[in-house]
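A.B. asks: Sharing a structure with you now.
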Amino acid sequence: MELLRTPPPAERADAARNRAAVLEAAARLFAEHGVEAVSMDQVAAAAGVGKGTLFRRFGDKAGLGVALLDARERALQEAVLRGPAPLGPGEAGGEPGEAGGPGTAPGAAPGERLAAFVDAYLDYLLEHLDLVRMSETASRGARYRIGAYRFWHRHAAILLTRAGAADPEHDAHALLAALAAEHVAALLPELGEERIRAGALGLAARIAQ
């Protein structure tokens, strides 16, 4: 699981300052005007950097969104890897089934940990829905190229393997499909947060049986 976490890039001092200025400007503009209404040109102007610098550093608007979400995703990943049960492994430590991981069972059953992950991920998603949606949909297949997706998928697949699922790799993708930002955003006005959460938790329980 650790191998799927992208380490923060090493940066020169001036590059780090530019990056911080861009992220601060983007966060402020997105909060004031909404993610979709803000252009990369506006972010560059507000940050005081050239457009070329912005595009070289982040690639596109999706890359900028990924960078803004990075710290929040890392906190959730850390809780999954080393936090208390049921989201994390508890006192057992590490991720069961991983090379170098503990030989003992985690502090909670696989189904409990999967439910805790779905619950925590939905908290994160709903808090940053527009930003996650942009990062996942700015270009074709963007969601599946993000390192965080591979981490979430691997975590779910490990838990489903321990739960005895017939095809844990596929089932992990199916569960994450229900947590896609575009999907959740489309259902939110009709179903509301409570029903979306209950439905995702119900799906997790069924595939972990």
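We did not get these values from a lab; they are worked out from the coordinates using the rules stated. Everything quoted here is computed from the prediction, not taken from an experiment. We place every Cβ from the backbone using ideal geometry, glycine too, and count neighbours over all the protein chains shown.
A.B. asks: If you find the alpha carbon centre of segment 18-75 and of segment 171-209, how far apart are they in angstrom?
C.D. replies: If you average the Cα positions of each part, the centres end up 29 Å apart.
A.B. asks: Which residues in segment 134-160 have a backbone N closer than 11 Å to a point placed 7 Å from the Cα of Leu188 along the Cα-to-Cβ line?
C.D. replies: 134, by backbone N distance to the label point.
A.B. asks: Also: Could you tell me which label, among (1) 33, 21, 13; (2) 48, 18, 13; (3) 31, 17, 17, carries the value of semi-axes √(5λ) of the Cα gyration tensor in Å calculated for this structure?
C.D. replies: The listed entry that was calculated here is (1).
A.B. asks: Helix-only mean residue ellipticity at 222 nm, the chain, DSSP H runs n ≥ 4 weighted -39,500 (n - 2.57), per residue, nearest 500. What is it?
C.D. replies: Rounded to the nearest 500, the figure is -22500 deg cm²/dmol.
A.B. asks: Something else now. Among Pro189, Pro84, Pro168, which one moves the most in a GNM of the chain with springs linking Cα atoms closer than 10 Å?
C.D. replies: Pro189
A.B. asks: Sticking with this structure for a sec: For a label point 7 angstrom out from the Cα of Thr53 toward its Cβ, which stretches of segment 13-42 have the backbone nitrogen within less than 20 Å?
C.D. replies: 13-30, 39-42
A.B. asks: Which Cα, out of Tyr124, Ala16, Val38, lies furthest along the positive dipole direction of the chain (beta carbon charges, K/R +1, D/E -1)?
C.D. replies: It is Ala16, whose Cα lies furthest towards the positive end.
A.B. asks: Right, another one. With the crude spin-label approximation of a point 7 Å out along Cα→Cβ, what separation in nm comes out for Ala46 versus Leu129?
C.D. replies: According to this spin-label approximation, the distance is 2.1 nm.
A.B. asks: What FRET efficiency comes out for Arg82 versus Glu24 if R0 is 30 angstrom and r is the Cβ-Cβ distance? Round to the nearest 0.05.
C.D. replies: Numbers: r = 29 Å, r/R0 = 0.97.
The pair Arg82/Glu24 has a calculated efficiency of 0.55.
A.B. asks: Suppose every K and R has +1 on its Cβ and every D and E has -1 on its Cβ; what is the size of the dipole of segment 52-209 about the Cα centre, in Debye to the nearest 20?
C.D. replies: Working: 17 positive and 20 negative charges, 101 e Å.
Dipole of segment 52-209, to the nearest 20 debye: 480 debye.
A.B. asks: Can I ask one more? Using a cut-off of under 20 Å, list every residue of segment 113-155 whose amide N is near the label point 7 Å from the Cα of His170 along the Cα-to-beta-carbon line.
C.D. replies: In segment 113-155, the label zone of His170 (backbone N under 20 Å from the point 7 Å along Cα→Cβ) covers 153-155.
A.B. asks: Same structure, new question: Loop-only check: which trypsin sites (Lys or Arg not before Pro) in segment 136-209 are DSSP coil with at most 12 other Cβ within 10 angstrom?
C.D. replies: Arg140
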